[in-house]
Amino acid sequence: VNENKRAWHAGLSYWDNNTDLNSLSLGIELDFSYSKFNNVYSKEMIDALILLIKYLKRKYKIKNKNILGHSDVAPFRKQDPGLKFPWHKLYSKNIALNPEKNNFLIKFDLNKWFFKNNIKTNKKKSLFILAFLGYDTLQIKNNNNKFKSLILAYQTHFLQLNITGKIDKTTLKFMTNHFLNNLLTKS
């Protein structure tokens, strides 16, 4: 689809309070399938992707925090680009948000703030953080399957060495640092 045309690449999607990402974004489809012959993100594919993202970022002034996967904008329906996607290569080229890049030594006890604001469970803390980052948390309510899908989407993008679908200590600590870094470097 031509860049100036609206595509349906994201389908029903949500990011940062936007519900019509098809008309606000550009989609890049990589020919990859876990169960077929094309089950490797080749060096050539990723090199071409990096060049394309650099070009589109310059042309449309796209911020790193808005370089996302389908699983970020539609975590209840989509799993791509998946756990084999080399986000670290995009981070190394500074073309996607690396939540660890600005790892400030923060002397702020977020848990005290959470407690004061009646955000006491790890689930509520993670939903607060994910909503701040841009994820769709409105659909969760008491649906544990959707909550797990949301956590998996976050982990496959940002915590590829800890994909559990659960809010464990590693995930919550990483999310908290991601939140604080994003809060302090909002750009």
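Can you give me the P(r) profile for region 84-187? Cα pairs, bins 10 angstrom wide beginning at 0, each as a whole percent.
14, 47, 34, 6
Please compute the per residue accessible area over the chain with all protein chains in place, 1.4 Å probe, rounded to a whole number of Å².
On the way: 11730 Å² over 187 residues.
Here the residues of the chain average 63 Å² of exposed surface.
Using only the Cα atoms of region 70-144, build the gyration tensor, take square roots of its eigenvalues as a ≥ b ≥ c, and label the shape rounded, prolate or oblate: rounded if a/c is under 1.5, else prolate if a/b is larger than b/c, else oblate.
On the way: a/c = 3.14, a/b = 1.23, b/c = 2.56.
Judged from the Cα gyration tensor, region 70-144 comes out oblate (a/c at least 1.5, b/c at or above a/b).
Taking only the alpha carbons of region 141-187, what extent do you get along each of the three principal axes, in Å, biggest first?
Principal-axis extents of the Cα atoms in region 141-187, largest first: 32, 26, 17 Å.
Please give the FRET efficiency for Leu56 paired with Thr164, using the beta carbon to beta carbon distance and R0 = 25 Å, rounded to the nearest 0.05.
In this case the efficiency is close to 0.15.
Could you tell me the convex hull volume per residue, in Å³, taken over the Cα atoms of the chain? Don't jump to the answer; show the numbers that get you there.
On the way: hull volume 24.1 nm³, N = 187.
Enclosed volume per residue, from the Cα hull, is 129 Å³.
So how much slack lies between Leu172 and Thr121, counting 0.36 nm per residue of separation and subtracting their Cα-Cα distance, in nm? Show your work: numbers first, answer last.
Working: separation 51, 0.36 × 51 = 18.36 nm, distance 1.11 nm.
Full extension of this stretch gives 17.3 nm more.
In square nanometres and to one decimal, what's the mean projected area of the convex hull around the Cα atoms of region 1-81?
Working: hull surface 23.7 nm².
Spelled out: convex hull of the Cα atoms, projected over all directions, averaged, 5.9 nm².
Taking only Cα atoms, what is the 0 to 90° angle, nearest 10, from helix 122-133's long axis to the longest principal axis of the chain?
Roughly 50 degrees, rounded to the nearest 10.
Counting only protein heavy atoms and a 1.4 Å probe, tell me what percentage of the chain's accessible area is made up of carbon and sulfur. Kindly include the intermediate steps, with their values, before the conclusion.
Details: 6340 of 11730 Å².
About 54 percent, which is the carbon plus sulfur part of the accessible surface.
Could you give the length gained by full extension between Asp31 and Lys112, i.e. 0.36 nm per residue of separation minus their alpha carbon distance, to one decimal place? It would help to have the intermediate numbers written out before the result.
Values: separation 81, 0.36 × 81 = 29.16 nm, distance 4.60 nm.
Result for the pair: 24.6 nm of gain on full extension.
Under a plain spin-label model, where a point goes 7 Å from the Cα along Cα-to-Cβ, how far apart in nm are Met45 and Glu3?
Using points 7 Å along Cα→Cβ, the separation is 2.4 nm.
The values are calculated or read from the model by the stated rules, or taken from the named source; none is laboratory data. Since we're looking at a predicted model, the values are computed, not measured. Reconstructed Cβ throughout: ideal geometry from the backbone, glycine too, with neighbour counts over all protein chains shown. Ligands, DNA and RNA are excluded from the accessible area calculation, which covers all protein heavy atoms including side chains. Shrake-Rupley method; radii C 1.70, N 1.55, O 1.52, S 1.80 Å.
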